[in-house]
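See below for the structure under consideration.
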Amino acid sequence: MIIRRLDEIAGTDRDIEADTWSSRRLLLAGDGMGFSLHDTVLYAGTTTEMHYQNHLEAVYSIEGEAEITDLDGAGATHKLEPGVMYALDKHDRHILRAISDFRCVCVFNPPVAGGEVHDENGVYPLIRAKEKP
C-alpha cells in the first residue's frame, strides 16, 4: 500500500515547477501502478500549449476556471471548472488558458518518471523508469 500526503511532497523531487504551472506528483512510474497521478496548478493569466505525443492524459478539474482549445480538431474551446473532466485520448494537441489559478488532478499513461516538463513542442519525453516489482 502506498500512502502519500500532498503537503509532504512540497520541496521534494516530486514537486515540479515550470513557468506556467506547478505539479506535485503523487504517483510515478517507479511506484509500479501503471499510471502517474499529479496534483497540478496552472497559474492565472497563463497559456500553455501541450501535445502529449508519448502519453495519454485524463484531467479532473477541482478548483478555478480555465479554457481548453483543441488544436487538432475544429478548434473548439471548452470551459473548465470544478467537476469537469477531459481526456486526451488521441494525443490531442491543445492550449490551456488559466483564467484563475486552475487546480486539477491529472493521470498519465504510461506513467511519467518524475521530472518531466514540456519541451519546445509541448511534449513530455518518454522516460521508462524501472518500476518496483
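The values are calculated or read from the model by the stated rules, or taken from the named source; none is laboratory data. Every value quoted in this text rests on a predicted model; they were computed, and no experiment measured them. Neighbour counts are summed over all protein chains in view; Cβ atoms, including those assigned to glycine, are modelled from backbone coordinates with ideal geometry.
For this structure, a couple of remarks:
- Lone unmet requirement of (1) within 18 Å of LEU88 (Cβ to Cβ); (2) modelled with pLDDT of 95 or more for HIS51: (2)
- The range 10-27, subset in contact with a strand residue (DSSP E or B) (Cβ under 6 Å, 6 or more places away or on another chain) and not polar (S, T, N, Q), residue nearest to THR47 (Cα to Cα): TRP21
- Residue in the range 62-70 that is of a type in the set (Val, Ile, Thr), out of contact with any His (no Cβ under 8 Å at 6 or more places or on another chain) and surrounded by fewer than 18 Cβ atoms within 10 Å (Cβ to Cβ) present: yes
- Count of residues meeting criterion [assigned to a strand (DSSP E or B) and either surrounded by 13 or more Cβ atoms within 10 Å (Cβ to Cβ) or among the acidic types (Asp, Glu) (or both)] in the range 86-108: 15
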